[in-house]
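See below for the structure under consideration.
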Amino acid sequence: MADYLVRAIGDKANVIGLACVTTDLVNQASHLHGTSRTASAALGRALTGALLMGALLKRGQRVALKFEGSGPLKKIIVEADHDGSVRGFVAVPDAEVPLQDEKLNVAGALGSEGLLTVAKDVGLKEPYRGIVKLLTGEIAEDIAYYFVESEQVPSAMGLGIFVKTDGEVSAAGGFLIQSLPPSEDRTIEQIVENIRRILSVTDLLRQGKTPEDILDMVFSGIPHHFLEKRNLFFRCSCSRERIERVLISLGQEELERIITEQGEADVTCEFCRTRYHLTREELEDLRAEISSPS
Ligand SMILES: [Zn+2]
């Protein structure tokens, strides 16, 4: 089953739901970054959460999330586009913490003290930015808390990643539910009750439940219909041209120093680990571009 996301809406249009399966792309990310089991779970939750948020954007828009915590993982940075592509990394990929209640301890790895910064590039000059404290460090609750605190949108999110003892990710996915005005107490109470009954997204995915099944469970007792289905994938937005622009932005002095001290440069994209090699001639061309901007 390839990774995909579905969207459903209550027939009264006062509640919207998104659910997705992301097993392949989380696996791909964990291989690219060589993450520990707990780091894979943390990165997987953040990637999946970002995709769910990205699906709420309009065409051409992008959302970026930065989790900074007091734990050994230090930082998780993820970016998702409206088109279903996502990328991301953790600051210390091999950070590991002991299991808690026989489960991977994501909050222990990230740390429950810290900040979540959400930046949305919606085509304005400056991206929209919201910052909240981490609520639990479990990722899903932190994102839901951001929606409530920063955007005043009542939201619930569930994320589940299962990492086998050999490090392989065998199940990943999640859901996001938002109440739209005019909100209706009875509908919200029903959804809260339905979510309470779900207990674990990881277990549902491991039982072979699809995103459609999960939304049907969340919407249980509430008439709803599905609006769309889209594919999801891990894809970076880096390119040689973008790396060259970064090098140019370092300035003439810094480029001169690299040419003198190293002669050439290897630049690795943090999001996807792609390595770009620049020869001395290429670096000199970039330096020339700074001194004589066209
Ligand atoms: Zn990249």
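Restricting to segment 253-287, name every residue that is among the aliphatic types (A, V, I, L, M) and within 16 Å of Ser237 (Cβ to Cβ). Show your work before the answer.
If we filter segment 253-287 for residues that are among the aliphatic types (A, V, I, L, M), which is where we start, we get 255, 258-259, 265, 267, 278, 283, 286.
Within segment 253-287, just Val267 meets the criteria.
The conditions of being in contact with a Phe, Trp or Tyr (Cβ under 7 Å, 6 or more places away or on another chain) and either within 16 Å of the ligand (Cβ to nearest atom) or within 30 Å of Asn27 (Cα to Cα) (or both) are not met by Cys269. Does segment 55-64 contain any residue that is at pLDDT 95 or above, away from the ligand (no atom under 16 Å from the Cβ) and not aliphatic (A, V, I, L, M)? No, segment 55-64 contains no residue that is at pLDDT 95 or above, away from the ligand (no atom under 16 Å from the Cβ) and not aliphatic (A, V, I, L, M). Please determine, by comparing only the residues of segment 122-133 that are of a type in the set (A, V, I, L, M, F, W, C) and modelled with pLDDT under 95, which one is surrounded by the most Cβ atoms within 10 Å (Cβ to Cβ). If we take residues in segment 122-133 being of a type in the set (A, V, I, L, M, F, W, C) and modelled with pLDDT under 95, then Val122 is surrounded by the most Cβ atoms within 10 Å (Cβ to Cβ).
Go through segment 10-35 and give me each residue that's open to solvent by 30 Å² or more (accessible area, probe 1.4 Å) and touching a residue at least 12 places away in the same chain (Cβ under 8 Å).
If we filter segment 10-35 for residues that are open to solvent by 30 Å² or more (accessible area, probe 1.4 Å), which is where we start, we get 11-13, 24, 28, 31-32, 34.
Residues satisfying the conditions are Asp11, Lys12, Ala13, Asp24, Gln28, Leu32, Gly34.
Looking only at residues of segment 214-262 that are among the aromatic types (Phe, Trp, Tyr) and within 15 Å of the ligand (Cβ to nearest atom), we find that the one that is nearest to Gly88 (Cα to Cα) is Phe234.
Screening Gln152 against (1) out of contact with any helix residue (DSSP H, G or I) (no Cβ under 6 Å at 6 or more places or on another chain); (2) open to solvent by 50 Å² or more (accessible area, probe 1.4 Å); (3) of a type outside the set (D, E, K, R); (4) at pLDDT 95 or above leaves a single unmet condition, (4). For segment 105-121, the set of residues classified as crowded, with 19+ Cβ neighbours inside 10 Å, under 15 Å from the mean Cα position of the chain (by Cα) and either modelled with pLDDT of 95 or more or assigned to a helix (DSSP H, G or I) (or both) consists of Val106, Leu110, Leu116, Val118, listed by residue number. Within segment 134-142, can one find any residue that is touching a residue at least 60 places away in the same chain (Cβ under 8 Å), in contact with a helix residue (DSSP H, G or I) (Cβ under 6 Å, 6 or more places away or on another chain), open to solvent by less than 20 Å² (accessible area, probe 1.4 Å) and not hydrophobic (A, V, I, L, M, F, W, C)? Among the residues of segment 134-142, at least one is touching a residue at least 60 places away in the same chain (Cβ under 8 Å), in contact with a helix residue (DSSP H, G or I) (Cβ under 6 Å, 6 or more places away or on another chain), open to solvent by less than 20 Å² (accessible area, probe 1.4 Å) and not hydrophobic (A, V, I, L, M, F, W, C), which makes the answer yes. I'd like to check something: does segment 49-68 contain any residue that is open to solvent by 50 Å² or more (accessible area, probe 1.4 Å) and closer than 18 Å to Leu159 by Cβ? Yes, because at least one residue in segment 49-68 is open to solvent by 50 Å² or more (accessible area, probe 1.4 Å) and closer than 18 Å to Leu159 by Cβ. The sole residue among Ser249, Ser291 that is small (Gly, Ala, Ser) and free of Cβ contacts under 8 Å to residues at least 24 places away in the same chain is Ser249. A single entry from Gly160, Gly167 fulfils the requirement of being at pLDDT 95 or above, open to solvent by less than 20 Å² (accessible area, probe 1.4 Å) and farther than 24 Å from Arg59 by Cα: Gly160.
The values are calculated or read from the model by the stated rules, or taken from the named source; none is laboratory data. Keep in mind that what you see is a predicted model, and the values were worked out from it rather than measured. Don't worry about glycine lacking a Cβ; one is built from the backbone with ideal geometry, like all the others, and counts go over all protein chains shown. What goes into the accessible areas is simple: the full protein's heavy atoms, side chains included, and nothing from ligands, DNA or RNA. Shrake-Rupley method; radii C 1.70, N 1.55, O 1.52, S 1.80 Å.
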